[in-house]
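Here is the structure we will look at, set down as structure tokens.
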């Protein structure tokens, strides 16, 4: 099939990380992939969740939300409805798990870093872009904290990255935009570390089951793309 933006099946959208986008956050990054734009801000707090008090261990967690006109129709703010949307809650947990997987939380002491990921414009792949940008915001936050000697050891063990891939009209396509994702018969989100270790694998048949060969091709293509994403993260952060 011919993709709307003329990309090849294994070609991702142009990815950008604009660091220190916010003045007051300890770390921030505006992450852009095609028409998807997410603002990630990292905040340091000298306190931890109650279940960690006395352990000497810190915490890294994340928040995720869609701004009202980031989507085709206005998205109602959660503060208006008074309850968390299930999808947003699931993505928050996804982001927190993934970021903690590459951190030595002992090095934070009894403090936490919160990564706020606000989707400015959504065109598919928001959870994976939030992770890629969220990691950059986390890295900038850690650098700032170490410079101020608030923490003495870097808690980040290695880089982490994520991408999406799916099957649309019987063809495998990397980095799905919204129009592709909405008609995909199968989709997959992969999170991997710089060392090639799997953090999270979400693969679902939305309409038709897919074969192992198709899964293998999706996995291998996503793995290659994540190595490119991590390279871009490193280039931006240096």
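Pairwise Cα distances in the chain exceed 33 Å for 17 percent of all pairs. Between 102, 160, 191, the GNM of the chain built on Cα springs shorter than 10 angstrom shows 102 fluctuating the most. Each of 6, 227 was scored by other Cβ atoms within 10 Å of its Cβ. Listed from fewest to most, they are 6, 227. From its DSSP helices (H runs of at least four residues, each -39,500 (n - 2.57)), the chain gives a residue-normalised ellipticity at 222 nm of -9500 deg cm²/dmol.
Relative contact order of the chain, taken over Cα pairs closer than 8 Å and 6 or more residues apart, is 22 percent. Reducing segment 85-162 and segment 200-222 to their Cα centroids gives an inter-centroid distance of 26 Å.
Could you check which residue among 135, 219, 51 shows the biggest mean-square fluctuation in a GNM of the chain with a 10 Å Cα cutoff? Comparing 135, 219, 51 in the GNM, the peak value goes to 51. Helix 86-100 and the longest principal axis of the Cα set of the chain meet at an angle near 60°. Under a Gaussian network description of the chain, with springs only between Cα atoms under 10 Å, the residue in 79, 164, 221 that fluctuates furthest is 79. Globularity index of segment 98-238 is 1.16 (Cα radius of gyration / 2.2 N^0.38 Å, N = number of residues).
Only the coordinates and a few stated rules stand behind these numbers; no lab work does. Predicted model only: the values in this text are computed from it and were never measured. Neighbour counts run over all protein chains shown; Cβ positions are idealised from the backbone, glycine included.
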